């Protein structure tokens, strides 16, 4: 149009990256060459041989048939909120001040940070960690402040590094436990160390525990908020991962701690929940039934555990790759013996040559002078074996 200037996007959007999806542009190049595509990049159980438990499907379907299709209360329907509270209390979380339901944990986390942080402030985020947090830091005009996980200690958070990074503009500590992308599960000692730092510096802890029900080898997930009734903690969980229903977009937050410390923040979260009207309504009717019936979990853990074993065994057999065995979730974060500055291009070329789609480690954060990549070990065992065989051959000939 004449005399009409182009519509310029906000400058902050340029810094928003999401490596898990961004890598698909490289995968498209391999697909155009006619290669067999083996996708190990997205943590979506339902695109593989996993099915949502019938108790969830039936409850959500019944709600649709019963015309529960209008707006829900802004924080969630009463029966779901009650079930979430009961489940949290059963896990040992005390001093619960509020519960709210969100469109997946992603929306809940954005609400939590929007209610907490002003422009120019920062939150401590794990490195490696889920890219959503770094994307939200950019979107909300916050400052990056990552802390490292210690690969030599089973990817436990490095408490000394965390303590050094806290400053006058730090508002919260984010903990992903079990961790995405490493699959680590925090020890009680680590969790108590994080609580001590939060108390010393008056920080909120955002405990992302969406994989809490999905531990392997008998590893025990300890809800951080269960260890201290006073420290302010916002615990997130949902139906996406252990309950095999990511597309329903049902997550929730449980705010716990000393009431006087959380009164104003609780009000800010509620205000933002009201502003977006409500989260998905019919799907909320699945929350109570699935929290009462977790009978699918033992078989799920066994199935995922076998695929984890294949992953660790085959990747550690490759000269140039080392892989810490995950204790939870369904991700591994193998170390790659290439210079860090070459990591992203090495992984991109591997995808183009093999059709095996993984995500370069820099997309999740990592220590300087190290290189990694993330794999999702949800695909069937024969697919994993084929994919790791191709990775091994490529690394052997191109490293």
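The values are calculated or read from the model by the stated rules, or taken from the named source; none is laboratory data. Nothing here was measured: the structure is a model prediction, and the numbers come from that model. Heads up, the Cβs are rebuilt from the backbone with ideal geometry, glycines too, and the neighbour counts pull from every protein chain shown.
Taken over region 326-351, the residue count meeting the criterion of being assigned to a loop (DSSP other than H, G, I, E, B), in contact (Cβ under 8 Å) with a residue 40 or more places away in the chain and farther than 30 Å from residue 86 by Cβ is 4.
Of 104, 92, 76, all but one fail to be at positive phi, in contact (Cβ under 8 Å) with a residue 40 or more places away in the chain and surrounded by fewer than 20 Cβ atoms within 10 Å (Cβ to Cβ); the exception is 92.
Residue-wise test of (1) closer than 29 Å to residue 294 by Cα; (2) not in a helix (DSSP H, G or I).
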position	(1), (2)
149	no, yes
162	no, no
181	yes, yes
198	no, no
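Scanning region 142-172 for residues that are over 15 Å from residue 187 (Cβ atoms), under 21 Å from the mean Cα position of the chain (by Cα) and surrounded by fewer than 17 Cβ atoms within 10 Å (Cβ to Cβ) returns 143, 144.
Of all residues in region 326-363, exactly one satisfies the criterion of being surrounded by fewer than 17 Cβ atoms within 10 Å (Cβ to Cβ) and touching a strand residue (DSSP E or B) at 6+ places or on another chain (Cβ under 8 Å), namely 337. Scanning region 262-275 for residues that are surrounded by 14 or more Cβ atoms within 10 Å (Cβ to Cβ) and in contact with a strand residue (DSSP E or B) (Cβ under 9 Å, 6 or more places away or on another chain) returns 262, 265, 266, 269, 270, 273. For the residues 131, 178, the requirement of being modelled with pLDDT under 95 and within 13 Å of the chain's Cα centre (by Cα) singles out 131. In summary, residue 186 fulfils each of the numbered conditions (1) part of a loop (DSSP other than H, G, I, E, B); (2) touching a residue at least 60 places away in the same chain (Cβ under 8 Å); (3) crowded, with 20+ Cβ neighbours inside 10 Å with the single exception of condition (2). Residues that are touching a strand residue (DSSP E or B) at 6+ places or on another chain (Cβ under 8 Å), in contact (Cβ under 8 Å) with a residue 40 or more places away in the chain and over 29 Å from residue 264 (Cβ atoms) within region 114-169 comprise 127, 128, 148, 151, 155, listed in sequence order. Would you please name the residue that is farthest from residue 360 (Cα to Cα), looking only at residues in region 24-45 that are assigned to a loop (DSSP other than H, G, I, E, B) and within 18 Å of the chain's Cα centre (by Cα)? Here the residue is 44. Taking the numbered list (1) crowded, with 18+ Cβ neighbours inside 10 Å; (2) closer than 20 Å to residue 262 by Cβ; (3) touching a helix residue (DSSP H, G or I) at 6+ places or on another chain (Cβ under 8 Å) in turn, residue 60 passes all entries but (2).
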